[in-house]
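First up is the structure itself, then whatever we jot down about it.
Each value in this text was obtained by applying a stated rule to the coordinates, not by laboratory testing. Since this is a predicted model, take the numbers as computed values, not measurements.
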Amino acid sequence: MSEDVELDYSELIQDAQKKAYRFLMQDVLNIVATLGDAPGEHHFFIEFQTTANGVSIPDHLKAQYPERMTIVLQHQFENLVVTDDQFSVTLWFKGKEANLVIPFDAVTQFADPSAQFGVSFEAVEEEYEEVDESETSDPEDPDMSDTDNTADESEQKSDGADIVSLDAFRKK
């Protein structure tokens, strides 16, 4: 039976790189959580699938971002808690407080423009059932927060962990 098994080192290396980049993202967020703020000019754009298993966001954000959402961790965030498989954070959208829970497996892109660093992760193909979130907000409130930024969804998605252009995260 072992003669039928072939080791695909290229695929194994890609998987190892994705895991390493996810651990790097986790370490960076742990440092920020410990400090209570992003150090210096560092700030982070994190794109994630809103339909991925374990994602918990308010219903109004789910309605506004039915597939993907990009958040910015810079000055206006609180309660950043990082565990082995996810992070949670409190952000403000249109003046309303929102608690988000995001598994690392749901993250599709992570970037720190101040360090000119960015990574893109393979998107999860299947959608999962939604996590029930009882929090409600008024999406018509004109008070916008800096955290309400989204990346261009027409961007190419890669098959593995690749460096991505930071232009996708810049305001146009």
Task: Rg ratio (alpha-carbon, reference 2.2 N^0.38 Å) - the range 1-96 - done: 1.40
- [ ] Compute the length gained on full extension between residue 81 and residue 4: take 0.36 nm times their separation in residues and subtract their Cα-Cα distance, giving the result in nm to one decimal.
- [x] 23.2 nm
Task: Reduced Cα scattering model of the range 1-57, Debye log10 I(q)/I(0), q = 0.22, 0.27, 0.30 Å⁻¹ - done: -1.02, -1.11, -1.14
Open item on the list: Rounded to whole Å, give me the distance from the Cα center of the range 11-43 to that of the range 69-91.
Closed with: 12
Task: Length released on extending from residue 97 to residue 64, taking residue separation times 0.36 nm less the Cα-Cα span - done: 10.3 nm
